[in-house]
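First comes the structure, then the notes that go with it.
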């Protein structure tokens, strides 16, 4: 009898759910709203109800299901409790509540780590035994997989690569309170800031000057179109990105570095520009570590949550 599992990616606005096979086939996926009222107390109930409804739709019983895997924007501790500041959780008994409601085994982890597991299992890192996923979005997140296992760290901070210091002279503070963190430069936010600074520093013509909003996407679109100043912006951004990736590789020495998040949608031009900078900073043994693009997009967390069940 074929078995199935449920992968859950819990976000601050929506909860993404998927029904998958152990071979990585996504049978079905859907979303429900994240109810953050009352300190997020109703979220486990909402997830459990949605899974029970899907089981009923497919005429499944508990013997057909391997369990529920879930990625959380926070920490999931060994006792099954979860902390998530943005949801109002402080040691909420998440896994126990999911099991009590559905009768299914439940496992969980930090959402960035779970997404890394997804890319390892069925995405850009498939076929490798170790990787680091670097997500380039509003901030810079990450997840570390070593020998097929998530590296959580002693304090749950394994993979917080966005806060590697790359410029201690930076006067502006990061959201974490420190100065000169990797994510201040290599995030989509940092990308836009670099662009605005270079645009203000000269009067060189650029199509970016007529953009209603100079953001990371506009910068990379202009760079791909051959805009000289946009290419310079992209190269400066990649200098910081390469430095941070080298720091990660020099510490973890993964088989592959996988780039995800919004900036990664720039595609091949991002890889072409970052590689020389990465090699400039990388330890000799790590200089040829491949850098690839993530392939699962917003489904990485669903796949990774399923992978945790296996």
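Summary table below
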read-out	value
Unique residue being surrounded by 15 or more Cβ atoms within 10 Å (Cβ to Cβ), free of Cβ contacts under 8 Å to residues at least 12 places away in the same chain and touching a helix residue (DSSP H, G or I) at 6+ places or on another chain (Cβ under 8 Å) when the list is 211, 181	211
Within segment 126-143, tally of residues that are in contact with a helix residue (DSSP H, G or I) (Cβ under 6 Å, 6 or more places away or on another chain), buried (at least 24 other Cβ atoms within 10 Å of the Cβ) and either under 19 Å from residue 183 (Cβ atoms) or not assigned by TED's automatic domain parsing to the domain that holds residue 188 (or both)	7
Hits in segment 261-292 - residues which are over 17 Å from the mean Cα position of the chain (by Cα), assigned to a loop (DSSP other than H, G, I, E, B) and exposed (fewer than 14 other Cβ atoms within 10 Å of the Cβ)	283, 288
Residue 57, sole failed condition from (1) surrounded by 14 or more Cβ atoms within 10 Å (Cβ to Cβ); (2) modelled with pLDDT of 95 or more	(1)
Any hit, segment 216-225, residues being touching a strand residue (DSSP E or B) at 6+ places or on another chain (Cβ under 6 Å), surrounded by 16 or more Cβ atoms within 10 Å (Cβ to Cβ) and under 30 Å from residue 73 (Cα atoms)	no
Boolean, residue 104 is at pLDDT 95 or above, surrounded by 24 or more Cβ atoms within 10 Å (Cβ to Cβ) and not assigned by TED's automatic domain parsing to the domain that holds residue 234	no
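The values are calculated or read from the model by the stated rules, or taken from the named source; none is laboratory data. This structure is a prediction, so every number in the text was calculated from the model and none was measured. So basically every Cβ, Gly included, is an ideal-geometry build from the backbone, and we count neighbours across all protein chains shown.
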